[in-house]
Amino acid sequence: MSDAPAIEVDHLTKKYGGFTAVDDLSLTIEHGEIFGFLGPNGAGKSTTIRTILDLLRPTSGACRVVGLDSRADAVAIRRQVGFLPADLALYPNLTGRRTIQYFANLRGGVEWARVEALAERFGAELDRKVGEYSSGNRQKIGLILAFMHSPRVVILDEPITGLDPLVQLEFHTLMREHAHAGNTVFLSSHTLSEVERVADRVGFIRRGRLIAVERMSELHEKSLRRVTMEFPQPVPASAFEGVEGVHDAVAEGTTVTARYEGAMAPLLGVAARNGVASLTTASVDLDELFLEYYRESEPTGGAAA
Amino acid sequence: MLRTVYLKSLRDHLTGVGVAVLALFLTAWLGLWAYTGVEGADSYIASMPDAFVDLLGITRESGTAGLMMSMMFGFMGAFVIGGLAVSFGASAIAGEEHDGTMNVLASVPRSRGRLFASKCAAYLTLIAAASFAATASYWLAASIAGSDISSLRLWAATVHLTAVLLVYGTLAFATGAATGNPAMASGIATALLVVSFLGAGLLPLFDGWENVAKIFPWHYIDGTSPLVNGVNWAQVAILAAASAVLLAAGAAAFVRRDMRSGASSASLADRLRANPRTARLAEAWRGSGSTGGLLSKAISDKQGVAALAAYGLFVLTVVMGPLFNALHASLGNVVASMPDAVLAMVGFADYSTPTGWYHGEVLSITGPAVFAIVTIGAGLALATEERARTISVLLSMPVTRSRVAGAKLGALLMLAVLCVALLFGGIWLGSVIGGLGIGVANIAAAAALQAGLALVFGTVAFAVAGFTGNSRAAAWIATAVALAGWAINTFVGVNPGLDWLAALSPFHWALSNAPLDNGMNWTGLAVLLGASGVLAIGGLLAYGKRDLRG
């Protein structure tokens, strides 16, 4: 069992009547990874997660966590998993402390010192009623519940909702520490910058289908960069047509902007020949790349990591 | 007035009004149909003494149909539409704040005054419509059953009923508007409604207290017998003025106060705990093990309601012992002169005996009503976790679904046992204090059968929650089963030819052998526990198999 991947989703399909929420989705996540799960609203992210946790039952296919089947071994899985649901709901009449005590009692084996340490780290208030909390404070309780037992796998569904930037930073640090210790973080989000900051790999889901899984480092390498060049006199955009790696050149007066990938030398050669006065480059925002995935008219089919 | 707010508020509650009117129609039709089969009842009513006809507030010619109409206006209809009035009133403004939707609603460029007026108009329209539609349904039921009610002034009684119920509903509306707290609004109005019902019904039985009953609005539902005498416009005007004053006070407070956002208001228990003088009492009330585990939390979640209901029932049943001694002389003379069938129809049972007194007052209605509130609440708690979306975190812990459902079922069982134990203790103590001599074994038998009844109500809610995850459906269906069971047993049970139909009611199995007189009905207990067991197992199995909401 120890050789089994942290999470395996095997040809998972979930239908509600005629509507297919998740369509033949397969995915493997290894130990020690932070896996970003990206998709627009209604793409099937939460459905996939809720099926992994046995809150929903697959129409077909299966989910496994550390080799355990999500249906047959649901309780054993939950011993090893920490979960923060999207739009977290807790008992409004309990204080934060009582809430954590309740779930710690149910889970068993939770060290209160760990809870205290997490609470201090996030600046969580534990002595007021959950119903009186702001969404950020409630989310801090949810994060403590997800991490308090040092689980082998943490599944987080839109975790930074309501958190201020400082707490977000602390949370990202915690995620990295947790992964470095050999544990796995499954991070579902549509906040692209968050995933970009912490994830090792990222999966894109759209209309219930997994359309791509990429290693984040490769994604950065693959990504296009933007260049802005100033010339002493107007240069036509056509001067850059056919230049290796250059796309979408646009000329406006003495300024030419373009996007490029790979080596810069061919671009620099054309620019130098036209007497370029200045040149600035910038990475294309990863958001733009993700949006390109989503904009594709047809999904390319399920992909397995 | 804001037309869109008005129309949306109407639409939100139309289903509730429709269900209530349908339930009242079915009850009226069922009763009229069953009564027509009781031989000699009409002629008995026609020959009753004037005092008793006056007491019922009907005409001699209307016979058993008049009796049924008197019950619909004075009891069933009054409680059902009164419940709607309080529910709509409490939720009209305070409900929007509790749900957090007031944040959006209050951000539109319209004044609070207009918002208040729109909500108020919708509330008044709904309650008036419910009241008049219910009366129309009684006409229909009488036509179908072939009953002659032409000598009764149904519309006059409707005017009185509406004016009275609007006082309670408006109290809820105004309190909700003034505080933003729907629980407080419905709690205060419901408490006044129940106290009024008891006060208006019981105080006239004591010499010298007749006039005190007139301080309760409930008295004016049939205080001047509008079914016979028509509308007393002076009374209606006073009731309407009381409602208007409440609305004015509510409006004045609403336009001045801060808006609430979400269910962050502290409960009464929380307020008591926060106060150093009441903290110890509140902690004792709440219990200390609320987060110790699934079962203890499931119990403590319902502990406040259960304790209030069970201790209230205990006090009531104790007091009823000496109360019997105070009343039975006057009741006995009236009751002794009436045929059994008519006694059953007016719900008197045999009030001339202590066992009949407890049977009619406690076992037939008050006890089951209290148990229904407690056990239906406990049964639907399974679906409440889904509605509140707390189930997502709860089931990320290493616990099985059957453990979660089993804890809810365990809480339901324990709360039912608590209520019934206090019922047993209350009747026993009341009997001892009053020197009534009711046998302990018979009290235990009655309590056991009531426990069976309570478990049926609760497990219906549990089963619906297990199958659907819909707490509202669980509450509605379980309440409908309880009400239908009561109506069938009460109205159909008076006609011996319809015993087969009465057997469909759980009340029949709990009450038909008069356990305080005759001891345990083992068949009845087996039917009730068997039905509860099947419902509980069905709910458990269904909960384990389906997708969970939230």
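Read the figures in this text as sums done on the coordinates, not as results from a lab. Everything numeric in this text was worked out from a predicted model, so none of it was measured. Cβ: placed from backbone, ideal geometry, glycine included. Neighbour counts: every protein chain shown.
A few notes on this one:
- The helix-only estimate of mean residue ellipticity at 222 nm for chain A, built from DSSP H runs of length n ≥ 4 each weighted as -39500 (n - 2.57), is -9500 deg cm²/dmol after division by the residue total.
- For trypsin sites (Lys or Arg not before Pro), the sites in region A:58-115 that DSSP calls loop and that have at most 15 other Cβ atoms within 10 Å are A:Arg71.
- With the gyration tensor restricted to C-alpha atoms of region B:287-550, the semi-axes of the equivalent ellipsoid amount to 36, 20, 13 Å, longest first.
- Estimated vicinal HN-Hα couplings, Hz - region A:154-159 in sequence order (Karplus 6.51, -1.76, 1.60; Gly, Pro = x): 10, 10, 10, 10, 6, x
- Zone of B:Ala526's modelled label, taken as backbone nitrogen in region B:428-449 under 16 Å from a point 7 Å along Cα→Cβ: B:449
- Residue-wise HN-Hα coupling along region A:192-200, computed from phi with Karplus coefficients 6.51, -1.76, 1.60 (Hz; x: Gly, Pro): 5, 5, 5, 5, 4, 6, 10, 7, 7
- Once you divide the Cα radius of gyration of region A:42-154 by 2.2 N^0.38 Å, the number left is 1.13.
- Using every pair of separate Cα atoms, the Kirkwood estimate puts the hydrodynamic radius of the protein assembly as shown at 31.2 angstrom.
- In chain B, the ratio of gyration radius to Kirkwood radius, Rg to Rh, stands at 0.96 when only Cα atoms are counted.
- Close amide H contacts of A:Gly82 (hydrogens built in the peptide plane, cut-off under 5 Å, sequence separation of 5 or more or a different chain): A:Val153, A:Val154, A:Ile155.
- Residue order, fewest to most surrounding Cβ atoms within 10 angstrom, among B:Met1, B:Met184, B:Met320: B:Met1, B:Met184, B:Met320
- Over region B:459-534, volume per residue of the alpha carbon convex hull, in Å³: 91
- Sum of -39500 (n - 2.57) over DSSP H runs of 4+, divided by residues of chain B (222 nm, nearest 500): -24000 deg cm²/dmol
- Listing B:Leu192, B:Leu453 from fewest to most neighbouring C-beta atoms within 10 Å gives B:Leu192, B:Leu453.
- Spread of Cα-to-Cα distances over 20 Å intervals beginning at zero, given as percent, for chain A: 30, 47, 20, 3
- The Cα-based radius of gyration of region A:106-225, divided by its Kirkwood radius, gives an Rg/Rh of 1.01.
- Built amide H within the under 5 Å cut-off of A:Thr95, gap 5+: A:Val130
- With contacts taken as Cα pairs under 8 Å at a separation of at least 6 residues, region A:224-283 carries a relative contact order of 48 percent.
- Cβ-based exposure ranking for B:Ile238, A:Ile160, in which fewest neighbours within 10 Å come first: B:Ile238, A:Ile160
- When the square roots of the Cα gyration tensor eigenvalues are ordered a ≥ b ≥ c, the ratio a/c for region B:173-235 is 1.5 or more and a/b does not exceed b/c, which makes its shape oblate.
- Mean projection of the Cα convex hull over all viewing directions, computed for region A:224-283: 3.3 nm².
- Our summary gives chain B a relative contact order of 15 percent, counting only alpha carbon pairs under 8 angstrom and 6 or more residues apart.
- In this structure, the amide hydrogen of A:Arg206, modeled 1.01 Å from its nitrogen in the peptide plane, lies closer than 5 angstrom to those of A:Ile211, counting only residues at least 5 positions away or on a different chain.
- Phi-based couplings in Hz for region B:384-395 (Karplus 6.51, -1.76, 1.60; Gly and Pro marked x): 4, 4, 6, 4, 7, 6, 6, 5, 4, 6, 4, 8
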